[in-house]
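First up is the structure itself, then whatever we jot down about it.
The values are calculated or read from the model by the stated rules, or taken from the named source; none is laboratory data. Everything quoted here is computed from the prediction, not taken from an experiment. Ideal geometry is used to build each Cβ from the backbone, glycine not excepted, and the neighbour counts take in all protein chains shown. Note: accessible area is taken over every heavy atom of the protein model, side chains too, but ligands, DNA and RNA are not part of it. Shrake-Rupley method; radii C 1.70, N 1.55, O 1.52, S 1.80 Å.
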Amino acid sequence: MADSTRPLESDSGRQALERLNAVFAAQTRAFDKDRNPSKEARAARLDQLIGALEAHEDKLIAAINEDFGHRSAIESKVADVVVSIGAARHAKRSLGRWMRKKWVMTPMHMMPGGSRIEPQPLGVVGIIAPWNYPVQLAISPAVAAIAAGNRVMIKPSELTPRTSDALAEMIGSTFDEDLFAVVTGGVEVGQAFTELRFDHLLFTGSTAIGRKVAMAAAKNLTPVTLELGGKSPAVIDAGADVEAAAYAIARGKLFNAGQTCIAPDYVFAPAGKTDAVVDALVAAAKTLHPGIDATDDYTAIVSDRHFERLGRLVEEARAAGARVVEVGDAEKLRAQRKLPLTIIVDPPATTGIMQEEIFGPILPVLTASSRDEAIARINAGERPLALYWFGEDKAAEADVLRRTVSGGVTVNDTLWHVAQEHLPFGGVGESGVGAYHGDAGFETFSHMKPVFRQSKFSSGRMIDPPYTTRTSQIIGLLRKFV
Ligand code: NAD
């Protein structure tokens, strides 16, 4: 339970904590009475969620837009609303297959008994969401948790307060609180949330906070899925089509103005082609956002603090002697808290831009003299959430994939591996623990319970005590089959 001795900053903070505890207690009680909801009940819940998303779509998009200052309505529709509806539809279609008991092989010496895996709901699931895709990253883990038969509580980000309220309104007007609820509040509520004895906690956010969440959850031995961030590289192979690669990288970087966990963070250009890569990136950015300085539908940076952080990263790299190419009028865009694609050529490894996750439309382009050098430099850092490789040489592709460890990969494009329910999504090492989406999401939020059913005749009894020479002979025979 939450630490009731924690000093509370305000009455509203106190109320938020009280509600948090009350909802958790209600969900725990409700789960006790409904421990394994039927396929029909789960499908009905998913249908309700799809209906709610469709009915509240315009309100959600407007709220995200206000929270960001400006968020492209198309980007909100695609990456927040449609992706969430798609996840729910996929889950509904898959319920029968997911919920089925799965028979597995039984070793010969245990036959004719039978072995199976029975998926079972865990109970009450907590989801902590970040601000960058505030609907998708709250709803799509919830879809998996509901499909798996659980009760769900979401704690959205305080950085997108209007969207958090719109989500709370949508879920509150659609579901009973003891089934599915949104609790809003700041870091204080987030901390109390992690102290609840959830049956599973999924956190999406920064690696630094993820570490704190894991430590808080560890006190209750609450299992966690951590969807974190990091520096995701894009590697352009010597034989790659530079224009096509640059276009895909610029699109992946500029979607949501780089505020995407799997946005390409930096690029390796092959030796001798750095200028060609920079030129192609400039051309691609101009194609994608031709009117960026005027009225273009280009997403703003979420807050002044984030905007200033990005500005500092650019200025530090410039002061360190790196060439900076701004694809748009940065001064003019400043008033709207927008940043054009800002390419930084070969910044020193010690600059902030090469040390921290950028999370904005700034793109370092580094020259790699060889594939080995690119691989070595990737492996010198933390394991990234995504890796992008561009080229046609299958052996080179296999080499890069074999010698680097990343959460996921898209070859010859960016971002797309996240947008499909048939692939699990998650990080590795500092970029995350566990995965969700599709089958992986259902399994994350289920106890995949192993069951062995003994038959009337059990060959195992042959080795029961009292032990005799005959027991040793049977074990001698059995060991040939294990
Ligand atoms: P953040 O870590 O600052 O916050 C995430 C959430 O944690 C928010 O809801 C916040 O209120 C809550 N929180 C803050 N302190 C807490 C605490 N001590 N205990 C419990 N909860 C706490 O992240 P952010 O700035 O909202 O999001 C950006 C980061 O998220 C980037 O690093 C990005 O890469 C990562 N991210 C990862 C994924 C993914 O799927 N792997 C997706 C989107 C964003």
Considering only residues that are open to solvent by 100 Å² or more (accessible area, probe 1.4 Å) and at pLDDT 95 or above, look in segment 451-468 and name the one that is nearest to Trp98 (Cα to Cα). Arg453
Given (1) surrounded by fewer than 23 Cβ atoms within 10 Å (Cβ to Cβ); (2) touching a residue at least 24 places away in the same chain (Cβ under 8 Å), index of the condition Ala234 fails: (1)
For segment 241-261, which residues satisfy the criterion of being surrounded by fewer than 22 Cβ atoms within 10 Å (Cβ to Cβ) and either part of a loop (DSSP other than H, G, I, E, B) or without any contact (Cβ under 8 Å) to a residue 60 or more places away in the chain (or both)? Asp241, Val242, Glu243, Tyr247
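Within segment 309-319, track down each residue that is aliphatic (A, V, I, L, M) and open to solvent by less than 50 Å² (accessible area, probe 1.4 Å). I'd like the intermediate steps shown before the answer.
To start, the set of residues in segment 309-319 that are aliphatic (A, V, I, L, M) comprises 310, 313-314, 317, 319.
Hits for segment 309-319 are Leu310, Leu313, Val314, Ala317.
Any residue at all in segment 109-129 that's touching a strand residue (DSSP E or B) at 6+ places or on another chain (Cβ under 8 Å), polar (S, T, N, Q), more than 16 Å from the ligand (Cβ to nearest atom) and modelled with pLDDT under 95?
Initial filter on segment 109-129 (touching a strand residue (DSSP E or B) at 6+ places or on another chain (Cβ under 8 Å)): 110, 113-129.
Still in the running and polar (S, T, N, Q): 115, 120.
With the extra rule that they be more than 16 Å from the ligand (Cβ to nearest atom), the set shrinks to 115, 120.
Filter once more, so that each one left must be modelled with pLDDT under 95: none.
Looking for residues that are touching a strand residue (DSSP E or B) at 6+ places or on another chain (Cβ under 8 Å), polar (S, T, N, Q), more than 16 Å from the ligand (Cβ to nearest atom) and modelled with pLDDT under 95, one finds none in segment 109-129, hence no.
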Give the residue, chosen from Glu243, Glu195, Glu169, Glu177, that is within 16 Å of the ligand (Cβ to nearest atom), charged (D, E, K, R) and over 20 Å from the mean Cα position of the chain (by Cα). Glu195
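Which one is farthest from the ligand (Cβ to nearest atom) among residues in segment 402-417 that are crowded, with 20+ Cβ neighbours inside 10 Å and farther than 17 Å from Ala250 by Cα? Walk me through how you get there before you give the answer.
To start, the set of residues in segment 402-417 that are crowded, with 20+ Cβ neighbours inside 10 Å comprises 406-408, 410, 414-415, 417.
If we keep only those that are farther than 17 Å from Ala250 by Cα as well, we get 406-408.
Values: Ser406: 12, Gly407: 7, Gly408: 10 Å.
Looking at residues that are crowded, with 20+ Cβ neighbours inside 10 Å and farther than 17 Å from Ala250 by Cα, I get Ser406.
Return the residue satisfying two criteria in turn: it lies in segment 199-212 and is within 12 Å of the ligand (Cβ to nearest atom) and crowded, with 23+ Cβ neighbours inside 10 Å, and of such residues it is nearest to Ala30 (Cα to Cα).
First, the residues of segment 199-212 that are within 12 Å of the ligand (Cβ to nearest atom): 201-212.
Of the ones still in play, those that are also crowded, with 23+ Cβ neighbours inside 10 Å are 201-204, 210.
Numbers: Leu201: 18, Leu202: 21, Phe203: 23, Thr204: 26, Gly210: 29 Å.
So, considering only residues that are within 12 Å of the ligand (Cβ to nearest atom) and crowded, with 23+ Cβ neighbours inside 10 Å, the one nearest to Ala30 (Cα to Cα) is Leu201.
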Are any residues in segment 166-176 open to solvent by 10 Å² or more (accessible area, probe 1.4 Å), in contact (Cβ under 8 Å) with a residue 12 or more places away in the chain, in contact with a strand residue (DSSP E or B) (Cβ under 9 Å, 6 or more places away or on another chain) and not hydroxyl-bearing (Ser, Thr, Tyr), and if so, which ones? Ala168, Glu169, Phe175
Name the helices (runs of 4 or more DSSP H) wholly within segment 377-482 that hold at least 1 residues that are closer than 30 Å to Met105 by Cα and in contact with a Ser or Thr (Cβ under 7 Å, 6 or more places away or on another chain)? 438-444
Against the condition more than 12 Å from the ligand (Cβ to nearest atom) and closer than 25 Å to Ala79 by Cα, how does Ala234 come out, does it pass? yes
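Could you pull out every one of the strands (runs of 3 or more DSSP E) wholly within segment 67-156 that has 1 or more residues that are among the polar types (S, T, N, Q)?
Values: elements: 102-104, 114-121, 124-128, 151-155.
In segment 67-156, the matching strands (runs of 3 or more DSSP E) lie at 114-121.
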Would you check which residues across segment 185-218 are outside any helix (DSSP H, G or I) and modelled with pLDDT of 95 or more and list them? Leu196, Arg197, Phe198, Asp199, His200, Leu201, Leu202, Phe203, Thr204, Gly205, Ser206
For Leu221, the lone unmet condition from (1) of a type outside the set (Gly, Ala, Ser); (2) assigned to a loop (DSSP other than H, G, I, E, B); (3) within 16 Å of the ligand (Cβ to nearest atom) is (3)
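Of these, Ala435, Ala395, which one is at pLDDT 95 or above and either surrounded by 18 or more Cβ atoms within 10 Å (Cβ to Cβ) or in contact with a Cys (Cβ under 9 Å, 6 or more places away or on another chain) (or both)? It would help to see each step written out before you state the result.
Details: Ala395 fails: either surrounded by 18 or more Cβ atoms within 10 Å (Cβ to Cβ) or in contact with a Cys (Cβ under 9 Å, 6 or more places away or on another chain) (or both).
The conditions single out Ala435.
What number of residues within segment 320-339 are surrounded by 16 or more Cβ atoms within 10 Å (Cβ to Cβ) and either outside any loop (DSSP other than H, G, I, E, B) or of a type in the set (Gly, Ala, Ser) (or both)? Explain how you work it out, then say what you get.
Kept after step one, since they are surrounded by 16 or more Cβ atoms within 10 Å (Cβ to Cβ), are these residues of segment 320-339: 322, 325-328, 330, 333, 337-339.
Okay, now just the ones that are also either outside any loop (DSSP other than H, G, I, E, B) or of a type in the set (Gly, Ala, Ser) (or both), so 322, 325-328, 330, 333.
Total satisfying the criteria: 7.
Have a look at Asp296, Asp275 and point out the one that is farther than 19 Å from Thr367 by Cβ and away from the ligand (no atom under 16 Å from the Cβ). First the steps, then the outcome.
Details: Asp275 fails: farther than 19 Å from Thr367 by Cβ.
The conditions single out Asp296.
Suppose we filter segment 294-308 for residues that are under 26 Å from the mean Cα position of the chain (by Cα) and open to solvent by less than 50 Å² (accessible area, probe 1.4 Å); how many remain?
8
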